[in-house]
Amino acid sequence: VHETREQIDSLTVRAPCAGAVIRRQLDELIGTYLAKGDEIVVVGNESRKELRLLIPQSDYKQFRDSVDEEVRYRVGNGPTRISRLAKIIPRAKTDVDYPALAATAGGPLPVKNVGGETADAPSEVELLLPHFEAVAPLESSQGTTLRSGQRAIVSIGGRQETVGGRFWRFFADWVE
């Protein structure tokens with residue numbers, strides 16, 4: 001009885017910080033078994049959002065050289081806004097951390113099936129081409145106007161570059 005009481009008490013879930021619960025289809029968790037360590041929800045703060053960028057390998061060098069520079073982003077037909085590229089995680093991967101970006105969910109990224117589909121779970125997919133992930137924090141006012149999970153078009157660059165500078169960058173990339 002004492003052991004059962006301890007197990008029940010250990011089922012209490014507490015967030016490490018104040019914020020809003022973020023989870024799609026939260027009601028689907030009712031009656032679902034979760035293993036120890038499974039993510040239940042994410043607690044977020046509407047004023048502390050960030051853009052998560054997936055960068056194809058072919059664009060990595062351009063973005064790598066642009067850390068701490070401005071990135072422009074636009075959601076839907078909304079206005080173009082500006083953030084700053086804070087960091088790039090220097091490890092390419094093919095995992096689909098954001099399923100809404102997969103072509104199977106109507107997103108722009110091509111994927112391939114890597115696991116069998118069963119009655120209980122859809123097939124697993126992975127990106128056809130490896131991508132790097134980057135982070136661009138949003139200002140408080142920007143974060144409150146965007147919903148979590150919205151897709152955005154992001155661009156970087158636009159610097160004025162001479163033909164010689166462009167040739168030099170191409171040559172340096174080729175040598176590397």
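The values are calculated or read from the model by the stated rules, or taken from the named source; none is laboratory data. Nothing here was measured: the structure is a model prediction, and the numbers come from that model. Methodologically, a virtual Cβ is constructed for each residue, glycine included, from the backbone with ideal geometry; neighbour enumeration extends over all protein chains shown. Just the protein is used for accessible areas: all its heavy atoms, side chains included, with ligands, DNA and RNA removed. Shrake-Rupley method; radii C 1.70, N 1.55, O 1.52, S 1.80 Å.
Descriptive notes on the structure:
- Taken over the stretch 26-45, the criterion of being in a loop (DSSP other than H, G, I, E, B), open to solvent by 100 Å² or more (accessible area, probe 1.4 Å) and not hydroxyl-bearing (Ser, Thr, Tyr) is satisfied by Ile30, Lys36, Glu39.
- Residue that is surrounded by 14 or more Cβ atoms within 10 Å (Cβ to Cβ) and either over 17 Å from the mean Cα position of the chain (by Cα) or small (Gly, Ala, Ser) (or both), where the choices are Arg81, Arg23, Arg5: Arg81
- Any hit, the stretch 48-59, residues being assigned to a helix (DSSP H, G or I) and either surrounded by fewer than 12 Cβ atoms within 10 Å (Cβ to Cβ) or of a type outside the set (D, E, K, R) (or both): yes
- Pairing residues of the stretch 5-20 that are at positive phi with residues that are open to solvent by 100 Å² or more (accessible area, probe 1.4 Å) and aliphatic (A, V, I, L, M), at Cβ distances under 7 Å and at least 6 apart in sequence or on separate chains, gives no pairs at all.
- If you go through the stretch 8-20 and pick out every residue that is among the charged types (D, E, K, R) and open to solvent by 100 Å² or more (accessible area, probe 1.4 Å), you end up with 1.
- Looking across the stretch 86-119 at every residue that is closer than 25 Å to Thr144 by Cβ and in contact with a helix residue (DSSP H, G or I) (Cβ under 7 Å, 6 or more places away or on another chain), the one that is surrounded by the most Cβ atoms within 10 Å (Cβ to Cβ) is identified as Gly107.
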